[in-house]
Amino acid sequence: MKRAYNFNAGPSALPLPVLEKAQAEFINYNSTGMSVMELSHRSKDFEQILENAKNLLKELLDIPDTYEILFLQGGASLQFSMVPMNFLGTDQTAAYALTGSWSEKALKEAKKEGKTAVAASTSEGKYRSIPKQADIILPEEDIAYLHITSNNTIYGTQWHEYPSFEGVDLIADMSSDILCKKIDINQFSLIYAGAQKNLGPSGVTLVILKKELLDRIPDNLPTMLDYRTHVKNNSLYHTPPTFGIYMLSLVLEWVKEQGGVDAIQKHNEHKASLLYECMELYPDFYRPHADKDSRSIMNVTFTLPNEELTKSFLQQAKEKGFVGLAGHRSVGGCRASIYNAVPLEACEALASFMKEFRQANVTVSEI
Ligand SMILES: *Cc1c(COP(=O)(O)O)cnc(C)c1O
C-alpha cells in the first residue's frame, strides 16, 4: 500500500505508526473486549487515556502546575467566542493583532462580547508579514488580553517572536502550529488549538490556561461555555470526544518517540527549508506569499507567474499523487501544509517535482 503525499491543510496527515497502533487496538483496546469508542468515558481505561494525554502534554511542552489542560469540543472557532465571554470584562478592551483570516474571525466574535481594539494589522500588506513588537500599539484603556494567531494557516506566516507587554495576558490561537517548535508556555495566559492539524483528528480542541485566569470569569455564562465547568470536572462534565482524545494521546506518544518537540522542530525546519530553497532558487517562477522573516514552517504558500501555470502545476501535482496543494479558496495559489506528521520524504518529492515542473515550463513563463 502506498500512502498519499498528503499536504492537506486540516484535517491533515497523521503519523503512520499512530494509525497502525490505533488499527491494532481498534476492536479490542487493552484487553477490554471493546473499541475505545465503546468504552464509558467514566471507565478506568478511558480515565487513563485522558491522564496520559495530559501528562504527555505537560512533559512535551513543559507546562507548569499553574496551568490547566482541557479537551473541549466546538473547534478553535468556539474558542473565538469563549475567550471573550470568559475574560473580556465590562469595562475592559480586548486587543487583537490581525495577521490573517483566522484572527479576523476571532475579532469578529469578540466584538459581539464587548469592547475591542486592533493593536496591529498586516492586512494592508496582504498579510505577508507578522508585526514586530514595536508595531503593536495597545489601547490606553484597561486591557483584558492581547490575542494573536501564532501561525496563519491560510497566508503561510508565523510568529517567530511572541509579543510581550508587562501585565498584559497573551492569548494565542495555535491551531496550526502547536507542538511544531519549542515555546515558553509562561509567556501565555491561554493557548487553544483545534486538534486536526498537529495533534490528532478533528473533534477535540485543546485549551491550556493559567489557573489564575479562572477568577475573572463572570457567573452568568452558559455552563458549557464557562471554562470553570471543564476545569472542575477534568474535561468530563459531559461526554468528551473520547476517540479523538485517544488518538491525540497516541500522537503525543509519537512526538515523544521522535525525541520530543526539539527534535520535531529540527525536522520541521529541514522540511520547510527544502521548499523555501526551491523558491529562492527560482524566485521568478515560484513566488512566496510570505515575507522571508515571517514565513511559516507549517504552511508554505506560493504562486506561479500566472493563473494558467498555477492551474497546470496543481493538475500535474495531483496526477503525481500530491494531495491538498491548492491554496485556500479565499486566496488561491498553492499551499503545502507540512505539519509534524508530514514525512521528510513527501517534502523531498515535492521539491523535486517543483524543480522538474519549472524546468519543463520555464520558457512558457518567459514569453
Ligand atoms: C483551522 C484553524 C481554525 C479553525 O479551527 P476549527 O477547529 O475548524 O474551528 C482556527 N484557527 C486557525 C489558526 C486554524 O488554522
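Read the figures in this text as sums done on the coordinates, not as results from a lab. Quantities reported herein were computed from a predicted structural model and do not represent experimental measurements. Cβ sites come from the backbone with ideal geometry, for glycine too, and all protein chains shown count toward neighbours.
Side notes on the structure shown:
- Backbone geometry of the stretch 81-96 corresponds, through the Karplus equation with coefficients 6.51, -1.76 and 1.60 at θ = phi - 60°, to 3J(HN,Hα) couplings of 8, 4, 4, x, 4, 8, 10, 9, x, 4, 9, 9, 10, 9, 9, 10 Hz, x marking Gly and Pro.
- Spin-label proximity, Gln133 to the stretch 171-187 - amide N less than 14 Å from point 7 Å beyond Cα toward beta carbon: 187
- Rg/Rh ratio calculated on Cα atoms of the stretch 256-367 (Kirkwood radius): 0.98
- With the simple model of a label 7 Å out from the Cα in the direction of the Cβ, Ser77 to Met1 spans 3.0 nm.
- Over 30 Å [Cα-Cα, the stretch 16-257], rounded percent: 26 percent
- Alpha-carbon centroid distance for the pair the stretch 62-83 / the stretch 334-355, whole angstrom: 30 Å
- In range of the label at Thr32: residues from the stretch 242-266 whose backbone nitrogen is under 16 Å from the point 7 Å along Cα→Cβ: 242-250
- DSSP beta bridges confined to the chain are antiparallel in about 50 percent of cases.
- Each part gets one Cα centre, and for the stretch 227-295 versus the stretch 129-152 those centres are 23 Å apart.
- Contour minus Cα-Cα distance for Val168 and Asp219 (0.36 nm per residue): 16.1 nm
- This model, with +1 at the C-beta of Lys and Arg and -1 at the C-beta of Asp and Glu, gives the chain a dipole about its Cα centre of some 920 debye.
- Footprinting exposure proxy for Cys334, Cys180 (fewest neighbouring C-beta atoms within 10 Å first): Cys334, Cys180
- Positive-end ranking of Leu170, Met247, Asn86 along the dipole of the stretch 16-257, with charges on Cβ about the Cα centre, is headed by Met247.
- Selected from Ala106, Ala349, Ala272 as most flexible by GNM, with the chain as the system and alpha-carbon contacts under 10 Å: Ala349
- Label separation (Asn233 vs Arg287): 5.2 nm, computed from points 7 Å beyond Cα along the C-beta direction.
- Ranked by how many other beta carbons lie within 10 Å on average, peptides 110-117, 297-304 from highest: 297-304, 110-117
- Residues of type lysines that Lys182 reaches as a straight line, Cα spacing below 16 Å, ignoring anything fewer than 8 places off in the same chain: Lys58, Lys256, Lys266
- Within the stretch 133-185, none of the chymotrypsin sites (Phe, Trp or Tyr not before Pro) combine a DSSP coil assignment with at most 10 other C-beta atoms in a 10 angstrom radius.
- Here the contact order of the chain, divided by its residue count and restricted to Cα pairs under 8 Å and six or more residues apart, works out to 22 percent.
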